[in-house]
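Single-structure report; data block below.
The values are calculated or read from the model by the stated rules, or taken from the named source; none is laboratory data. Just so it is clear, the structure is predicted and the values come from calculations on it, not from any experiment. Positions of Cβ are backbone-derived with ideal geometry, glycine not excepted, and every protein chain shown enters the neighbour counts.
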Amino acid sequence: MAHHSVKSGYVELADRLNRFPQGAPPSKLLYKILEMLYTEKEAKLVSLLPIKPFSIEKAARVWEMTPGAAQKILDMLCRRAILMDITENGRRVFCLPPPMAGFFEFSLMRIRNDIDQKVLSELFYQYLNVEDDFIKALFVEGETKLGRVFVQEPALSKNNRLHILDYERASEVIRTASAIGISICYCRHKMSHVGRDCDAPKEICMTFNVAASSLIQHGFARPVGVSECLALLETAYDYHLVQFGDNVREGVNFICNCCGCCCEAMIAARKFAIFHPVHTTNFIPQIQKDACTGCGKCAEQCPVEAVVMVSANDPRHPKKKKARLNENICLGCGVCKRVCPAGCIRLRSRKQRVITPLNTAHRVVLMAVERGKLQHLIIDNQISKHHRAMATVLGVILKLPPIKQAMACRQMQSIYLNTLVQQLNL
């Protein structure tokens, strides 16, 4: 197996990353990526860190060193955007971001000379775009997805505007953010190194709130105000880019402006369309067939190929085409409406509203439950053999049918475990 020839620190870090709800399936390519971003010593240290946010003192205890020594290491990792540091109630805390959306993107969100970004991009391309285990784990597994699409607000009618909620507006995320950072688009930067990028603007990746504060502090994003960020949103609209962002209602940390050719989310949305890999907007296009001229601009610009051109079945014009929408894979972004010169496309509300998690903690717990990884959030001390054993046992029990869960709880005589299982089965 691949890890037999890989240094143990990277194997342990890969195992640690795979405890995130999204997962990072081990492979030779993943180990090569980690070797470019971490020394083996750093990999071993990071593999011991909790999934939940932690303090300097917590890291010092886990690493068995003084707080001063731990802080030096934590600061160095933050400067490379491997860790993120935030301030909560006047106290500095740290967290290891998942690979995506996280330190994979951060490694290419600015031009840097400490790593070979071309080699790293080629590894990312092979791991994400050729091998697909990681993308499947990220976008396909579970009902709760990492990201959601924002409708393009200029496509909304007056009636639509009465039905859209504030958290569904990219402009409202921008206006209410505590901090805004702009960086290079990871996806198009990666594709530029493998000769596959498009002409869409690259310096247009948006981060907000706590994520933006950390990235700005360490030079991975430049701070901008609301007006400049709104102007960049208009630029994204002009290039027909899709706004794909954090799947939460409160504290949105990122909005990517995605093209259909380079961006991971759009590629996944096409490749795994039947699994609905990203959450759609609450709108769906409606094409007025009689008014469609068959120009094909909507099909050309749709990032997920939800619009196709078919025969108009006009015996007087046998070559005439008209647009047809596949509602099962449509994102509801509104790009097609905006590019239609005949004005024959309008947006209507979906029959069933898309449910968006309240915040990051809510989303992470939902994803963990659906992916069978809740035990890693509840019991998160990898130093203790007892805690590792409990996490393993809990993981097995949570996968059992309700009757067997009850039997296992009685045998373990655990009030805590029994209460947890009861709550999960409500």
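A residue that is in a strand (DSSP E or B), crowded, with 24+ Cβ neighbours inside 10 Å and in contact with a Pro (Cβ under 6 Å, 6 or more places away or on another chain) can be found somewhere in segment 239-247.
The helices (runs of 4 or more DSSP H) falling completely within segment 59-170 that include 1 or more residues that are touching a helix residue (DSSP H, G or I) at 6+ places or on another chain (Cβ under 7 Å) map to 67-79, 117-124, 133-139.
Condition check ((1) exposed (fewer than 15 other Cβ atoms within 10 Å of the Cβ); (2) under 29 Å from Ile216 (Cβ atoms); (3) under 17 Å from the mean Cα position of the chain (by Cα)) across all residues:
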{"position": "Arg80", "(1), (2), (3)": "no, yes, no"}
{"position": "Pro99", "(1), (2), (3)": "no, yes, yes"}
{"position": "Arg110", "(1), (2), (3)": "no, yes, no"}
{"position": "Val140", "(1), (2), (3)": "no, no, yes"}
{"position": "Val151", "(1), (2), (3)": "no, yes, no"}
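In segment 352-373, the residues that are closer than 19 Å to Asn18 by Cβ form Cβ pairs under 6 Å with partners that are among the aliphatic types (A, V, I, L, M) and in a loop (DSSP other than H, G, I, E, B), at six or more places apart or across chains, as follows: Arg363/Val248.
Among the numbered criteria (1) under 23 Å from Lys136 (Cβ atoms); (2) touching a Leu at 6+ places or on another chain (Cβ under 8 Å); (3) at pLDDT 95 or above, which single criterion is violated by Val307? Here Val307 meets the rest and fails (1). Only residues that are out of contact with any helix residue (DSSP H, G or I) (no Cβ under 6 Å at 6 or more places or on another chain) and either acidic (Asp, Glu) or not assigned by TED's automatic domain parsing to the domain that holds Ala155 (or both) were counted in segment 171-221, giving 2. For the condition touching a residue at least 12 places away in the same chain (Cβ under 8 Å), surrounded by fewer than 16 Cβ atoms within 10 Å (Cβ to Cβ) and either assigned to a helix (DSSP H, G or I) or not hydroxyl-bearing (Ser, Thr, Tyr) (or both), Lys44 does not qualify.
State which residue pairs qualify: first residue surrounded by fewer than 16 Cβ atoms within 10 Å (Cβ to Cβ) and inside segment 287-314, second residue at pLDDT below 95 and part of a helix (DSSP H, G or I) in any location, beta carbons under 7 Å apart, and separation of 6 or more residues or different chains. Listed by first residue and then by second, the contacts come to Glu305/Arg270.
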